[in-house]
1. For residue 102 and residue 166, compute 0.36 nm times the residue count separating them, minus their Cα-Cα distance, and round to one decimal in nm.
2. Kindly put 238, 38, 163 in sequence by how many other C-beta atoms sit within 10 Å of each C-beta, fewest to most.
3. Sorted from fewest to most neighbouring beta carbons within 10 Å, what does the list 72, 213 look like?
4. Per 0.36 nm of contour for each residue apart, how much would the distance between residue 154 and residue 42 grow if the chain were fully extended, relative to their Cα-Cα spacing?
5. Dividing the Cα radius of gyration by the Kirkwood radius, what Rg/Rh value follows for the stretch 145-247?
6. If you rank 227, 46 by fewest surrounding Cβ atoms within 10 Å, what's the result?
């Protein structure tokens, strides 16, 4: 999905991939992408949003195996998942990628590798488990964060956007991170509508964090892109659902 802002608020490294770009990159690196049914590819070509997550991993003696779950949200509110298997054939070799349409297929492919079976728990060596620490929820970067907050609030068109008190807090932001959210979208509305939800997380000088939730959509009378900003994820998702219901 293109970002239709009057200025470019996202640096290239921060810009999330569109669903189409993510699919193309996944298929381009998978050795067996030609085996996927054409019907599945046609469905994903019209996806509204996508999400990827690490499902499981195994690392031992130079061999590794990771399984990733890639999910796309379709215009009718349903979702399609592809499973990616990443592994190296020999210790130190370059990783190879395969893609499958269901979890059972990726389990079968994993069993052929001679490594322990795929499980929902990461199978890390004991020393790594002892020293493992939870990853921070946000990876903040200092990059004109206060100005980013100002531009985000300026382009928000919803009347219940964050007030001046929030703007004043964010004017002191020292770092920020932008991520694309995914999940319960409610109804997708009429064909051709597009929705995207972004979390803009800001770090304040006292170490506290505050997030703004941006809804980008085309559920407007003339089909133009519109930006709305909310203080909570629930409020942003509720706004998406209300608009989809009116346009459906």
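1. Values: separation 64, 0.36 × 64 = 23.04 nm, distance 4.44 nm.
My answer for the length gained is 18.6 nm.
2. Values: 238 15, 38 7, 163 10.
Final ranking by Cβ density, sparse to dense: 38, 163, 238.
3. The most exposed by this proxy come first: 213, 72.
4. 36.6 nm
5. On the way: Rg = 14.0 Å, Rh = 14.1 Å.
Ratio value, two decimals: 1.00.
6. Details: 227 21, 46 14.
Ranked by crowding around the Cβ, least crowded first: 46, 227.
A short reminder: the numbers here are calculations on the coordinates, not readings from a lab. Note that this is a predicted model, so its numbers are computed, not measured. Every residue, glycine among them, receives a Cβ derived from its backbone with ideal geometry; neighbour counts consider all protein chains shown.
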